Amino acid sequence: MIPLEIKALDKSHWPAVSKIYADGLETKIASFETTCPSWEDWDMNHHKFCRFVICEDKNAIGWIALVPVSNRKVYAGVAEVSIYISKESQGKGVGKMLMSHLLNEVEKHGIYTLQCSLFPENRVSYALHSAFGFREIGYREKVAKLENEWRNTILMERRSKSEEFN
């Protein structure tokens, strides 16, 4: 078995990362987005830290990154998690490896609360987040349309247990 390696995600990974992202968007249970952004737009909208890619034999098979929830200073320690795994690598523990790695890094960057917003149909993502201490904090009914269909989302949150942030 080829060992998996987690690295900082940078522009050189974008062709593979964007393919994984686009494949996720095609499922219609990963995001309200319908098209993959350019590297420049993606880079601008994600934190520069805690963006990781997992590679198998130098090929990206999954990624995880953080999106600021607000540009207001008071919310600087709150971020939304994005995680995508290639179709071929799903169900092999890749998501668990990425989430574990992320959680070991976030507090070093002052992040004390992680959020995610999931479609209820995305049971795999719900289970992954739950396994890492995210709890359901809300349900938004018909919050937005995806391809002309109203969709609901579940809000989940994980708060740091570190005394520094409590």
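Values in this text are rule-based calculations from the coordinates and carry no lab data. Note that the coordinates shown come from a computational prediction; the quantities given were computed from them, not determined experimentally. Here the Cβ is made from the backbone with ideal geometry for all residues, glycine too, and neighbour counts use every protein chain on show.
Just a few scattered comments:
- The spacing between region 3-75 and region 135-166, judged by their C-alpha centroids, is 19 Å.
- The chain - charge dipole about Cα centre, Lys and Arg +1 at Cβ, Asp and Glu -1, debye rounded to 20: 300
- Rough spin-label spacing in nm, given labels placed 7 Å along Cα→Cβ, for Ile137 and Lys11: 3.5
- Modelled FRET efficiency - R0 25 Å, Glu40 with Arg72, Cβ distances, 0.05 increments: 0.55
- Where a label projected 7 Å from the Cα of Leu146 along Cα→Cβ would reach, residues of region 70-84 with amide N under 20 Å: 80-84
- Among the listed pairs Lys48/Lys96; Lys58/Lys161; Lys48/Lys145, a Cα-Cα separation exceeding 31 Å is found for Lys58/Lys161.
- Antiparallel bridge percentage (DSSP; both residues within the chain; nearest 5): 90
- Protection-proxy order for peptides 26-35, 115-124, 81-90, each taking the mean of Cβ atoms within 10 Å per residue, highest first: 81-90, 115-124, 26-35
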